[in-house]
Amino acid sequence: MMQATIKPRLVALVLLFGVAVDCASLGDLRAQPTRMQVATHGPARAVWTKERARAWADSTEWLVGSNFIPSTAINQLEMWQAATFDPRTIDRELGWAESLGFNTMRVFLHNLLWQQDSSGFLNRIDQFLAIADRHHIRPMFVLFDAVWDPMPHLGPQRAPIPHVHNSGWVQSPGATMLSDTARYEQLRGYVQGVVGHFAKDRRVVAWDVFNEPDNTNRPAYLAYEPLDKQAHSFILIRKAFVWAREMNPSQPLTAAPWRGDWIDPTSIKPFTAYMLDSSDVITFHSYDDSANVERLISALERYGRPIICSEYMARPRGSTFQKILPIFARRHVGAFNWGFAAGKTQTIYPWDSWDREYTAEPTVWFHDIFRSDGTPYDAAEVAFIRGITATARRR
């Protein structure tokens, strides 16, 4: 995920919803998982060896799918809250994914959902997994996210701002909790409750611990972020990896660097180095053209682990299915493009829709594959995806 400058007319909206979140997120989280969730797990495991990671990859087919949220949801909270959870749309849209040959989806969770109703949240995740399993899809779940609105709140979510990319996506845990390290222990129950509950579930393919934790959303939401956000995120991600490992999951843990600073080992940032060194399997993000994607993959191969690109595909930037997906297939790199069915996230619009006014659908979609009725944005593109996934299955 990335973002551009914020429109002046959005500042008032951000301030308005900031008031709501401070009240909504101050309640105590359910700090500990239940005894039943903990009792079935042994000692915390270490980072997988390279051999263990390779064995996992050898037992897993080439992973290809999208970052997924149903078209009827504007963000993670609207996707999962009981009042707006939409299994019918999820089933329909995962059916479209199955028709493309997709076998995985990257799906974002949120700590406030655990605070709101931990049992109900786990039940809805289980229901989602049952739907996905019927379509032969094994999702990667994302636990925390540092991108877009830093002021999440439970309850009804705001309507999309017309023609603006991801105008309602929210961070987890959000600025209020992230800026208070004394409250981090309250997040242990969320991480261990969710990971522990599904730690041995074959329907879950992997856990993404923290999406772009060092992203400061400059300048879109910079004014509303903690002043030392990166330092706080660094503390939280280290705790989150420990918490998740204490549940001894059978699935790999990972977190994806996105700045591309790993090409030169002498200039790699500490945050990037930590994410790569702590991941059982390597993930990364790139919305770059094919030449740069090849360089990024080659640089990551020195870690000797399976590689997955958990975000790519922005058509106007030269990151297209036709140009990038063959690279991933040839090099056996897992692939999650951004966006699936166009809907309330409005990611058919580019990042610059935050500071450039759009009044109609762009001629070239930025992200997404299908319209909300299942019509492909580009029939030739869909045929290409089906062809490359079919070829991969035959290997």
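The values are calculated or read from the model by the stated rules, or taken from the named source; none is laboratory data. Quantities reported herein were computed from a predicted structural model and do not represent experimental measurements. When we count neighbours, we look across all protein chains shown, and the Cβ atoms used for this are built from the backbone with ideal geometry, even at glycine. For accessibility, only protein heavy atoms count, side chains too; no ligands or nucleic acids. Shrake-Rupley method; radii C 1.70, N 1.55, O 1.52, S 1.80 Å.
Assorted remarks:
- Candidates SER118, SER71, SER99 - the one that is open to solvent by 10 Å² or more (accessible area, probe 1.4 Å), in contact (Cβ under 8 Å) with a residue 12 or more places away in the chain and assigned to a loop (DSSP other than H, G, I, E, B): SER71
- Being closer than 18 Å to TRP354 by Cβ and over 17 Å from the mean Cα position of the chain (by Cα) is a property that holds for ARG158.
- Count of residues meeting criterion [surrounded by 14 or more Cβ atoms within 10 Å (Cβ to Cβ), assigned to a loop (DSSP other than H, G, I, E, B) and acidic (Asp, Glu)] in the range 344-360: 1
- Among residues of the range 244-303 being over 26 Å from ALA231 (Cα atoms) and among the charged types (D, E, K, R), the one that is nearest to the chain's Cα centre (by Cα) is ASP288.
- Against the criterion of being touching a residue at least 12 places away in the same chain (Cβ under 8 Å) and in a helix (DSSP H, G or I), GLN251 does not qualify.
- The range 304-335: number of residues that are in a helix (DSSP H, G or I) and either touching a residue at least 60 places away in the same chain (Cβ under 8 Å) or at positive phi (or both): 6
- Only one entry of ALA291, ALA299 meets the criterion of being outside any loop (DSSP other than H, G, I, E, B), more than 22 Å from ASN67 (Cα to Cα) and out of contact with any Phe, Trp or Tyr (no Cβ under 8 Å at 6 or more places or on another chain), and that entry is ALA291.
- From ARG245, ARG238, ARG188, residue being in contact (Cβ under 8 Å) with a residue 12 or more places away in the chain, assigned to a helix (DSSP H, G or I), touching a strand residue (DSSP E or B) at 6+ places or on another chain (Cβ under 8 Å) and open to solvent by 10 Å² or more (accessible area, probe 1.4 Å): ARG245
- Qualifying residue in the range 141-157 (condition: in contact (Cβ under 8 Å) with a residue 24 or more places away in the chain, out of contact with any Ser or Thr (no Cβ under 9 Å at 6 or more places or on another chain) and open to solvent by 10 Å² or more (accessible area, probe 1.4 Å)): yes
- Residue that is surrounded by the fewest Cβ atoms within 10 Å (Cβ to Cβ) [pool: residues in the range 258-288 that are among the acidic types (Asp, Glu) and not in a helix (DSSP H, G or I)]: ASP264
- Scope the range 363-395; condition out of contact with any Ser or Thr (no Cβ under 8 Å at 6 or more places or on another chain), open to solvent by 40 Å² or more (accessible area, probe 1.4 Å) and not in a helix (DSSP H, G or I); matching residues: THR363, VAL364, ARG371, ASP373, THR375, PRO376, TYR377, ASP378, ARG395
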